[in-house]
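Reviewing the structure listed below.
The values are calculated or read from the model by the stated rules, or taken from the named source; none is laboratory data. In this text, all values refer to a predicted model and were calculated from it rather than measured experimentally. Glycine gets a Cβ as well: all are built from the backbone with ideal geometry, and neighbour counts include every protein chain shown. These accessible areas exclude ligands, DNA and RNA; they are computed on the full protein's heavy atoms, side chains included. Shrake-Rupley method; radii C 1.70, N 1.55, O 1.52, S 1.80 Å.
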Amino acid sequence: CPAGWTQESEGESSCKDLAGLKPSDCKDDEYFNVTECVDCPEGGSCVGDITAFGIRTLFGWSQCPNDALNLTYERCVFGAACLGAKNDALKGKFYLKLSNNALSDPALADNTSSCAPGYNNASTNLRCSTCAPNFAPVEGGRCEECTGGSEGSLAIIVVAVFLAILLFTIMIALKMRSSGSKKAEHSTMKRTLLTHLQMLSIVMSLTVPWPTAVRNILTFVSSITSISAQASSIQCTTSGEELTFATIFYLTLICSVLLPFVMMLVTFLYWFVCVPRCKVLSCGRKLTRSPMCPQRNPFRVEQRQEQQQVPPPTQSIAPAAAATPSRISVTHSTRDGWIVTNVLLVYTISPSIVKSCFQMLQLEEVCKTKYWALDDTIKVDDGTHQMMILSVAVPSLIFYAVVCPLLVMFYIGRHTDRQTN
């Protein structure tokens, strides 16, 4: 077509005068741009006779700030959090319960661009990802109302902490009551349970669309070994304090990183000071008092005694004697209890610490700006966030993921008698 003219559609032989082209000539997926119809940007609604200034935000999308022409949009973390123009692409994916208990599809409603009830409408909340007061974030970026008030959320935290302490105490008691001559059944069960809880914690960090009932159960179980998993409940208990998700995550990360060091001091007082003075605290076993750093391997003598009980291969063994092999009962010490308690604690929570530290390093680009992936109101170059990364996350990763395993391998490598006991 000559200058000033355009084809009606690709492949057509006829031409149309651009001077006569109007917004009404554009399709519903186009907008009028000075002299031509242009494809509507992803995330925008171009229904009607509109120009670039009339483009509306679709449901499930959010317009980037400082964009006067409405041409840049981002998907919301949780689609139903961002209200907007009708969006057939999200039809049937979200439902809202009305006052008469009927279900409504927000994707079919024609609303103005804003955050849904329960989500913060602040200008810094680009994708409606942060929750309004008295609401707390759950999986997938969804905000749920804090049911039962702060007292109910506090009760959940107390129950979770109580169950964690109870489970931990039972495992320590079983270990201290074991004979030590072979792996007991409860030892295998303990390792299986701990590994299962750790795997649940990792699975819950993946973006898998679990059914609500399954996710609630997995979240509660995995929270036993993860302090940061209680962020939602903590936010409900502090709704009047207006603590942000980032602040709560920072505090829980610091607590989880320092917990092994604090417990090392607390358990030292328990095993070396309290237990010798009160036999009830020794898990039902008679414990010998031992120094914190013995000069020899306390298990070496016991190991030799066990070997002496095993007859040589050439010696004939009576059937009755062979059926009932002799076993030596190991006498545990206060030092054993202290070591077992701290090793089990580090073994239990170190995956949670490492996962949280890696989450501190995750970033996401939103509207051409890099934000923290867990909270898109926090820019990556934010001073507080950078301080947390450099002073907490990175040192903790180095210590728990690198230094501790290397020290264990170095220690066992230097002490050959520990490699078989």
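Give the whole-number value, in cubic angstrom per residue, of the convex hull volume spanned by the C-alpha atoms of region 86-146.
Output value, Cα hull per residue: 109 Å³.
Pulled fully out, how much extra length does the chain show between GLU145 and ARG75, if you take 0.36 nm times their separation in residues and subtract their Cα-Cα distance?
22.9 nm
Taking the Cα atoms of region 340-386, what is the range of coordinates along each of the three principal axes, in descending order and whole Å?
In descending order, the Cα extents are 50, 17, 11 Å.
Where a ≥ b ≥ c are the square roots of the eigenvalues of the C-alpha gyration tensor, would you call region 47-138 rounded, which needs a/c under 1.5, or, failing that, prolate if a/b is larger than b/c, or oblate?
It comes out oblate by the Cα gyration axes.
I need the calculated FRET efficiency for the pair THR195 and SER24, taking r as the beta carbon distance and R₀ as 60 Å, to the nearest 0.05.
It comes out at approximately 0.40.
Treat each spin label as a single point 7 Å out from the Cα along the C-beta direction, and report the GLN362 to THR35 distance in nm.
4.9 nm
Given 0.36 nm per residue, what is the gain on full extension from VAL354 to LEU243 after removing their alpha carbon distance, in nm?
Numbers: separation 111, 0.36 × 111 = 39.96 nm, distance 2.40 nm.
Full extension from VAL354 to LEU243 adds 37.6 nm.
Given a Förster distance of 25 Å, report the FRET efficiency between GLN419 and ALA173 from their Cβ-Cβ distance, rounded to the nearest 0.05. Could you put the intermediate results ahead of the total?
Numbers: r = 28 Å, r/R0 = 1.10.
Taking R0 as 25 Å, the efficiency between GLN419 and ALA173 is 0.35.
Just the Cα atoms of region 249-289, one point each, no solvent: what log10 I(q)/I(0) does Debye give at q = 0.16, 0.20, 0.21, 0.26 Å⁻¹?
These q points yield log10 I(q)/I(0) values of -0.52, -0.64, -0.66, -0.81.
Give, as a single signed number, the net charge of other residues whose beta carbon lies under 11 Å from the beta carbon of ALA373, with Lys and Arg counted +1 and Asp and Glu -1.
Residues close to ALA373 contribute a combined charge of -3.
Solvent-accessible area of SER391, probe 1.4 Å, all protein chains present, reported in Å² to the nearest ten, please.
70 Å²
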